[in-house]
Amino acid sequence: MPPRPGGLLAGVDEAGRGPLCGAVVAAAVILDPSRPIEGLNDSKKLTAKKRDALALQIRQHALAWCVAEASPEEIDRLNILGATMLAMQRAVKGLAILPDEVWVDGNRCPQLNCATQAIVSGDALVEEISAASILAKTVRDAQMQSLDAQYPALGLAKHKGYPTAAHIAALRKHGVPDFYRRSYAPVRDILAQGELF
């Protein structure tokens, strides 16, 4: 891992690249060294209850944070990698304080007007990226809960939009709402059969 920069470091991560529906959500976080947050980790290694509690602390204690997204339409137009980079750019640009450097989870960085580093497994290694991972996942999960209330037959609260067998079966039975990613093969295949809401 590279040495930490002397100035302000923003961590960036995303949630929702794999699901069939909804936005891809990215977050950027600059933590306050004088207000440490205990328990930060890769959001996938935390319970939903712990993630929600930590997300609240991050919003209260971070020097700056921003959550942004790219829509299903943008995912279909740009592809998921391009849309993820766009969401990350929006998250960094939305920070109230400009960071000196940005560290991004994974092996790709968006184009930014500051130094950037890609950190593989950064969400487990770098607290700023862990915090971004938690914010992105809690926002994305909340969106799925909200959509689940509108479309209960699709089971979105349970599978969060991932292509499980039950999810595909529900789409075949009930049709494909307009917040689905039409470029994703399972959705494209169902639409090709003429099944729509």
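Looking at G122, G161, just one residue is at positive phi and open to solvent by less than 60 Å² (accessible area, probe 1.4 Å), and that residue is G161. With the condition kept exactly as written, say whether any residue in the range 173-182 is touching a Lys or Arg at 6+ places or on another chain (Cβ under 8 Å), at pLDDT 95 or above, assigned to a helix (DSSP H, G or I) and not aromatic (F, W, Y). Within the range 173-182, none of the residues are touching a Lys or Arg at 6+ places or on another chain (Cβ under 8 Å), at pLDDT 95 or above, assigned to a helix (DSSP H, G or I) and not aromatic (F, W, Y). Within the range 97-109, the set of residues being surrounded by fewer than 22 Cβ atoms within 10 Å (Cβ to Cβ), outside any strand (DSSP E or B) and modelled with pLDDT of 95 or more comprises I97, D100, G106, N107, R108, C109. One residue alone among R17, R35 is within 17 Å of the chain's Cα centre (by Cα) and among the basic types (K, R), and that residue is R17. For the range 58-69, the criterion of a residue being in a loop (DSSP other than H, G, I, E, B), modelled with pLDDT of 95 or more, open to solvent by 50 Å² or more (accessible area, probe 1.4 Å) and basic (K, R) is satisfied by no position.
A53 meets all of the listed conditions (1) farther than 21 Å from I30 by Cβ; (2) of a type in the set (A, V, I, L, M, F, W, C); (3) without any contact (Cβ under 8 Å) to a residue 12 or more places away in the chain but one, namely (1). The residues of the range 1-15 that are more than 13 Å from V126 (Cα to Cα) and crowded, with 24+ Cβ neighbours inside 10 Å, listed by number, are E14, A15. Taking the range 70-91 as the range and being free of Cβ contacts under 8 Å to residues at least 60 places away in the same chain and either among the acidic types (D, E) or assigned to a strand (DSSP E or B) (or both) as the test, the residues that pass are A70, E73, E74. Looking across G39, G94, G22, G18, one residue alone is in contact (Cβ under 8 Å) with a residue 60 or more places away in the chain and either open to solvent by 80 Å² or more (accessible area, probe 1.4 Å) or on the phi > 0 side of the Ramachandran plot (or both). It is G22.
The values are calculated or read from the model by the stated rules, or taken from the named source; none is laboratory data. All values derive from a computational prediction rather than experimental measurement. FYI the Cβ positions are ideal-geometry reconstructions off the backbone, even for glycines, and counts take in every protein chain you see. The accessibility values were calculated without ligands, DNA or RNA, using every heavy atom of the protein model including side chains. Shrake-Rupley method; radii C 1.70, N 1.55, O 1.52, S 1.80 Å.
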